[in-house]
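The values are calculated or read from the model by the stated rules, or taken from the named source; none is laboratory data. No experiment lies behind these values; they were computed from the predicted model shown. Here the Cβ positions follow ideal geometry from the backbone for every residue, glycine too, while neighbour counts run over all protein chains shown. Surface accessibility is based on the protein's heavy atoms, side chains included, excluding ligands, DNA and RNA. Shrake-Rupley method; radii C 1.70, N 1.55, O 1.52, S 1.80 Å.
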Amino acid sequence: MDSEAGREEAALLNRLRTRLADFEKDRANLLSILRMIQETFSYIPEEAIYMAADHLDLAPSEVYGVATFYNQFKFNPPGKYPIKVCLGTACHVKGGDIILENFERKLDIREGETTPDRDFSLERVACVGCCALAPVALVGEAVHGHMAPSKVEGLFTRIQVEKEMAEREKRRHESAR
Amino acid sequence: MSPPDKRSRSAAYLALQETALQEQEEHAETGGPVIHIGLATCGIAAGALETRHAFEQVLAERKIPARIHPVGCLGHCYAEPVVIIDHPDSGFPPIFYHEVTPGKAKMLARLFLEEGDPRFEHVYGAMKPNDLIPSVMEFSRFSREHRVVMEKCGRIDPGDLNEYIAEGGYRALDAVLRMDPGQVIETVTASGLRGRGGAGFPTGLKWERARTAFGDKLVICNADEGDPGAYMDRAIIESDPHQVLEGLAICAHAAGAGEGGIYIRSEYPLAVRIITRAVEQARQAGLLGKNILGSGIDLEVTVFQGSGAFVCGEETGLIQSMEGRRGMPRHRPPYPVSRGFQGRPTVINNVKTLAYLPLILQRGAEWFRSLGTEHSPGTAVFSVVGDVVHPGLVEIPMGVTLRTLIFDICGGIPKHKGFKAVQIGGPSGGCLPESFLDIPIDFDSLTEAGAMMGSGGLVVMDEATCVVNVSRYFLDFTQKESCGKCTFCRIGARHLLDILTRITCGNGRDGDLEQLERLSRDIKQGSLCGLGRTAPNPILTSLAYFREEYETHVQDGRCPGMMCRPLTAFYIDLEKCARGCDACATCCPTDAVFTTSTRKKGIDLDTCVKCGECVTACPPEYDAVRRVSPAHLAPVVERPAEPVESAADKPENREAP
Ligand SMILES: Cc1cc2nc3c(=O)[nH]c(=O)nc-3n(C[C@H](O)[C@H](O)[C@H](O)COP(=O)(O)O)c2cc1C
Ligand code: FES
């Protein structure tokens, strides 16, 4: 982990304590708390589990047990561009697994992993509700329908272009200041 | 609809209605064209936001006095992004345009809105019968449907409470609040409404039990929709959230509950935002919260986000999850209506069940009974996906046959392929062959056939689908989603999956099919909740109706649907391959396509991942890529030791860009 990300995380953990205080000490709030943690960090860091357990007077193992039960909660930091490939029924029938394999090959990671530079993460999801556009992949919250192996290439080119544009924008801002 | 009778409305409701009607009138007076854009998740996925942006831009640039009206989902997913343009001054009726890209949007704004030319070549149909343009009602996709719960979907702005009220919304609640709960339950019982969450439990009976239970009661709308291929609940919430809230409030009054909840999947971020906003709007308008519509009755509603577990759609699992535990179902009885969330009597109803209520209470039980069949009154909503020409959401009266639904309404199988099977009810449902196409769709007939209504997910499969592979897919899903409480479900499902995986990889053994059957039956018996009890359904039905397909997998290592990748191989028909064409080679993601010494193409079977991209890429006039099963039937073409320069690489052969 580079130090910038580390510092950022430490600051977030500090802030988490105050945000936890907003939740009543009621076990029924556990899932809401976990969701809040995930929204803050984009994943659930180990320290946060201890803090949540402490707040609700539960054993950390209990909190971990609940968190791991639900597919939504991640225990690894996601990439800057989280890629989700739909493997719902319609997408499966139309070859969603082939799309997933293409991403795996292209990124050289397996489903559930993040690239070493933390740019991309890859996971499978079950139906995002756009079955008529199957097979479907998501980059962040943006849905891409009618995927094909060649469109995987296109997506990366697009992301690359966007990235470069954002960087140019950033540099322009910095030089303007 | 009954004529508005002022005396039967409360003062609070009349005030709301007046504001709503006033707003509607103001819009009508301003006149000018209205552009309705479908902005539910499916529309957005197809690019509806870009389309809206294009309209906004061109309207501003050219100062066209038109109004953009965001609406929800019309259910015509195959046509997204969908735009309906209502331009009264042009003399044309409202027109339905499909696949409206930003470019098309700008063109329509200029030519139709400014010059009055509707561009006939882009028109899908008119929304009203008229003499100028064929009406969409001439297409069976529109005329055979019977919209009841989805009546307002795609017509109103889900973010605007006034539009819902102007359409008669919350009128039923207003009347119900001044009725005796027993009377409300009587009407619902008389209507014969059965729960749309899957099992079809009579809603009136459930409420009656809740009403007579003791304790501080609670009502919950089940919007977990975990079936990985159904999305009607999401579409209803995204298109018409207040109808669901009104239903929830009616249910709360009937059951005597002062607290309500909406359990919604967090995988549906837009639906979560829309329903949360709707709850807030309703509270501010006095339709929820304290002293609803001046009746003295309170109802607090909270939105609870599920966290992605299929089994949490099961009612006891849902309760566990709301209590902050692992969502493991427990034994019933006690049913949630007597002991549910934190021990309190809890009524759980599906989104659609609740959305029917305002209509039933407004139009009467008789009206509802007049739709559908005797034992399954009303309509059914299906999300039809897979190999059909017009996929999307379809609402039909119960009792319509599968054939009508698939072939007449959804346009049948594309690309002139044959029908093979249909999976109804998602992972808990069954896989039915052609001989079942004429059974009526209702709760009882489907259960009899070994499938079930379930979530209403309907996957149509053409002849190029492998039912073994699809069964394996569903089992993979249920096996992952099993909560792990019952041994049979946890370990048995895993075993089933292992056997199926073996079969689809060509390693099936004698006796595998018998073992699948025996184990399936044991899992059904040995599991506590509906997940385990229905998980083997796809296998049992496909084994019963497509046994020979399993047998060819096991005995010949052949996949007739050409879907099981380990059992198939691609090769290039050298007779048909065009010298110098590079279409397949450039698209291959693994560089498995090489140029032969005769400057044609071959496929290196060791590097080929069988993605099928070359089949799509090969120009139809050559159509040279072939797929065979079993894999060893593919002729072997050696890759030349030295790479052969393909014809297209030579500058003189390259086409001008
Ligand atoms: C594994 C499993 C998953 C379920 N998923 C859902 C669901 O996603 N939505 C739903 O409304 N009901 C679901 N149910 C059914 C619920 O347990 C319950 O019967 C239903 O919400 C009751 O509502 P109704 O009476 O309106 O049908 C599921 C049941 C099982 C066994
Ligand atoms: S199956 Fe992929 S979006 Fe529904």
- prompt: Can you name the residue in the stretch B:349-380 that is open to solvent by 10 Å² or more (accessible area, probe 1.4 Å) and in a strand (DSSP E or B) and is also nearest to ligand 1 (Cβ to nearest atom) among such residues?
  reply: B:Asn350
Selection from the stretch B:124-154 of residues that are under 19 Å from B:Ile37 (Cα atoms) and in contact with a Cys (Cβ under 9 Å, 6 or more places away or on another chain): B:Met150, B:Cys153, B:Gly154
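Answer yes if at least one residue in the stretch B:533-545 is free of Cβ contacts under 8 Å to residues at least 12 places away in the same chain and under 27 Å from the mean Cα position of the chain (by Cα), and no otherwise. Walk me through it before giving the result.
Step one: of the stretch B:533-545, the residues free of Cβ contacts under 8 Å to residues at least 12 places away in the same chain are B:533.
Next cut, under 27 Å from the mean Cα position of the chain (by Cα) only: B:533.
Checking the stretch B:533-545: at least one residue is free of Cβ contacts under 8 Å to residues at least 12 places away in the same chain and under 27 Å from the mean Cα position of the chain (by Cα).
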message: Exactly one of these conditions fails for A:Asp117: (1) within 12 Å of ligand 2 (Cβ to nearest atom); (2) more than 16 Å from A:Ala148 (Cβ to Cβ); (3) at pLDDT below 90. Give me its number.
response: (1)
query: Do we have B:Ile220 as more than 11 Å from ligand 1 (Cβ to nearest atom), farther than 18 Å from B:Ala380 by Cα and either more than 14 Å from chain A (Cβ to nearest Cβ) or open to solvent by less than 10 Å² (accessible area, probe 1.4 Å) (or both) here?
result: no
message: Among the residues of the stretch B:315-340, what is the count of those that are within 14 Å of another protein chain (Cβ to nearest Cβ) and either more than 15 Å from B:Cys251 (Cβ to Cβ) or hydroxyl-bearing (Ser, Thr, Tyr) (or both)?
response: 13
- request: Please give the number of the condition A:Leu138 fails out of (1) assigned to a strand (DSSP E or B); (2) more than 16 Å from ligand 2 (Cβ to nearest atom); (3) surrounded by fewer than 20 Cβ atoms within 10 Å (Cβ to Cβ).
  value: (2)
1 or more residues β-branched (Val, Ile, Thr): qualifying strands (runs of 3 or more DSSP E) within the stretch B:382-472: B:392-397, B:419-424, B:457-462
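Can you tell me which residue among B:Gly200, B:Gly154, B:Gly168, B:Gly229 is at positive phi, in a loop (DSSP other than H, G, I, E, B), open to solvent by less than 10 Å² (accessible area, probe 1.4 Å) and within 16 Å of ligand 1 (Cβ to nearest atom)?
On the way: B:Gly154 fails: within 16 Å of ligand 1 (Cβ to nearest atom); B:Gly168 fails: within 16 Å of ligand 1 (Cβ to nearest atom); B:Gly229 fails: at positive phi.
Testing whether each residue is at positive phi, in a loop (DSSP other than H, G, I, E, B), open to solvent by less than 10 Å² (accessible area, probe 1.4 Å) and within 16 Å of ligand 1 (Cβ to nearest atom) leaves just B:Gly200.
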field: In the stretch B:232-270, the residues that are within 13 Å of ligand 1 (Cβ to nearest atom) and within 13 Å of chain A (Cβ to nearest Cβ)
entry: B:Met232, B:Asp233, B:Arg234, B:Ile236, B:Ile237, B:Gly261, B:Tyr263, B:Ile264, B:Arg265, B:Glu267, B:Tyr268
Every pair of residues 6+ apart whose Cβ atoms lie under 7 Å, when the first sits in the stretch B:409-429 and is on the phi > 0 side of the Ramachandran plot and at pLDDT below 90 while the second is assigned to a loop (DSSP other than H, G, I, E, B) and among the charged types (D, E, K, R): B:Gly426/B:Asp227
- prompt: Counting only residues that are free of Cβ contacts under 8 Å to residues at least 40 places away in the same chain and polar (S, T, N, Q), which one in the stretch B:584-632 is nearest to B:Thr568 (Cα to Cα)?
  reply: B:Thr607
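When only residues in the stretch A:141-164 that are aliphatic (A, V, I, L, M) and away from ligand 2 (no atom under 15 Å from the Cβ) count, which is nearest to the other protein chains (Cβ to nearest Cβ)?
Step one: filter the stretch A:141-164 for residues aliphatic (A, V, I, L, M), giving A:142-143, A:147-148, A:152, A:155, A:159, A:161.
Applying the additional criterion that residues be away from ligand 2 (no atom under 15 Å from the Cβ) yields A:152, A:155, A:159, A:161.
Working: A:Val152: 7, A:Leu155: 13, A:Ile159: 17, A:Val161: 17 Å.
Looking at the filtered set, the residue picked out is A:Val152.
Quick one: how many residues across the stretch A:121-173 are among the hydroxyl-bearing types (Ser, Thr, Tyr) and more than 29 Å from B:Arg234 (Cα to Cα)?
Start the filter on the stretch A:121-173 by keeping residues that are among the hydroxyl-bearing types (Ser, Thr, Tyr), which leaves A:121, A:150, A:157.
Adding the requirement that they be more than 29 Å from B:Arg234 (Cα to Cα) leaves A:150, A:157.
Residues in the stretch A:121-173 being among the hydroxyl-bearing types (Ser, Thr, Tyr) and more than 29 Å from B:Arg234 (Cα to Cα): 2 in total.
Based on what the data block shows, is A:Phe23 assigned by TED's automatic domain parsing to the domain that holds A:Ala126 and of a type in the set (Phe, Trp, Tyr)? Please lay out each step first, then the result.
Values: assigned by TED's automatic domain parsing to the domain that holds A:Ala126: no; of a type in the set (Phe, Trp, Tyr): yes.
No; evaluated as a whole, the condition is false for this residue.
What are the residues in the stretch B:186-200 that are hydrophobic (A, V, I, L, M, F, W, C) and modelled with pLDDT of 95 or more, if any? Walk me through how you get there before you give the answer.
Filtering the stretch B:186-200 down to residues hydrophobic (A, V, I, L, M, F, W, C) leaves B:188, B:190, B:193, B:199.
Correct list: B:Val188, B:Ala190, B:Leu193.
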query: How about the stretch B:47-69: which of its residues are within 19 Å of B:Pro158 (Cβ to Cβ) and of a type in the set (A, V, I, L, M)?
result: B:Ala48, B:Leu49, B:Ile68
field: Flag if A:Ile109 is in a helix (DSSP H, G or I), among the aliphatic types (A, V, I, L, M) and either in contact with a Ser or Thr (Cβ under 9 Å, 6 or more places away or on another chain) or more than 10 Å from ligand 2 (Cβ to nearest atom) (or both)
entry: no
query: Considering only residues of the stretch B:324-342 that are over 16 Å from B:Ser527 (Cα atoms) and open to solvent by 30 Å² or more (accessible area, probe 1.4 Å), which is nearest to ligand 2 (Cβ to nearest atom)?
result: B:Arg326
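Which of the residues belonging to the stretch A:59-87 are out of contact with any Asp or Glu (no Cβ under 7 Å at 6 or more places or on another chain), farther than 25 Å from A:Asp117 by Cα, hydrophobic (A, V, I, L, M, F, W, C) and crowded, with 17+ Cβ neighbours inside 10 Å? Spell out how you get there, then give the answer.
As a first pass, look at the stretch A:59-87 and keep what is out of contact with any Asp or Glu (no Cβ under 7 Å at 6 or more places or on another chain): A:59-78, A:82-83, A:85-86.
Retained after the next criterion (residues that are farther than 25 Å from A:Asp117 by Cα): A:59-70.
Now restrict to residues that are hydrophobic (A, V, I, L, M, F, W, C): A:59, A:63, A:66-67, A:69.
Of everything in the stretch A:59-87, those that are out of contact with any Asp or Glu (no Cβ under 7 Å at 6 or more places or on another chain), farther than 25 Å from A:Asp117 by Cα, hydrophobic (A, V, I, L, M, F, W, C) and crowded, with 17+ Cβ neighbours inside 10 Å turn out to be A:Val63, A:Val66, A:Ala67, A:Phe69.
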task: Determine whether B:Gly327 is within 17 Å of A:Asn29 (Cβ to Cβ), within 16 Å of ligand 1 (Cβ to nearest atom) and assigned to a loop (DSSP other than H, G, I, E, B).
output: yes
task: Sort out which residues of the stretch B:467-520 are of a type in the set (Asp, Glu) and either more than 28 Å from the chain's Cα centre (by Cα) or open to solvent by 40 Å² or more (accessible area, probe 1.4 Å) (or both), and write them in order of number.
output: B:Asp498, B:Asp510, B:Asp512, B:Glu514, B:Glu517
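Which of the following residues is modelled with pLDDT of 95 or more and either within 13 Å of another protein chain (Cβ to nearest Cβ) or within 21 Å of the chain's Cα centre (by Cα) (or both): B:Gly308, B:Gly378, B:Gly386, B:Gly392?
B:Gly378
Got a number for residues in the stretch B:400-448 being of a type outside the set (S, T, N, Q) and under 20 Å from the mean Cα position of the chain (by Cα)? Lay out the reasoning, then the answer.
In the first step, residues of the stretch B:400-448 are kept if they are of a type outside the set (S, T, N, Q); the result is B:400, B:402-403, B:405-422, B:424-427, B:429-434, B:436-444, B:446, B:448.
So of that shortlist, the ones also under 20 Å from the mean Cα position of the chain (by Cα) come out as B:400, B:402-403, B:405-414, B:421-422, B:424-427, B:429-432, B:441-443, B:446.
So the count comes out to 27.
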query: Which of the helices (runs of 4 or more DSSP H) contained wholly in the stretch A:21-103 include at least 2 residues that are within 12 Å of chain B (Cβ to nearest Cβ) and closer than 23 Å to B:Lys480 by Cα?
result: A:30-41, A:60-69, A:89-93
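Per-residue answers, yes or no, for (1) at pLDDT below 90; (2) open to solvent by less than 40 Å² (accessible area, probe 1.4 Å); (3) closer than 25 Å to A:Ala148 by Cα:
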{"site": "B:Leu567", "(1), (2), (3)": "no, yes, yes"}
{"site": "B:Ile572", "(1), (2), (3)": "no, yes, yes"}
{"site": "B:Lys576", "(1), (2), (3)": "no, no, yes"}
{"site": "B:Val593", "(1), (2), (3)": "no, yes, yes"}
{"site": "B:Thr607", "(1), (2), (3)": "no, no, yes"}
{"site": "B:Val615", "(1), (2), (3)": "no, no, yes"}
{"site": "B:Ala647", "(1), (2), (3)": "yes, yes, no"}
{"site": "B:Arg654", "(1), (2), (3)": "yes, no, no"}
message: Given (1) open to solvent by 40 Å² or more (accessible area, probe 1.4 Å); (2) within 21 Å of B:Glu167 (Cβ to Cβ); (3) within 14 Å of another protein chain (Cβ to nearest Cβ), identify the lone condition not met by B:Pro88.
response: (3)
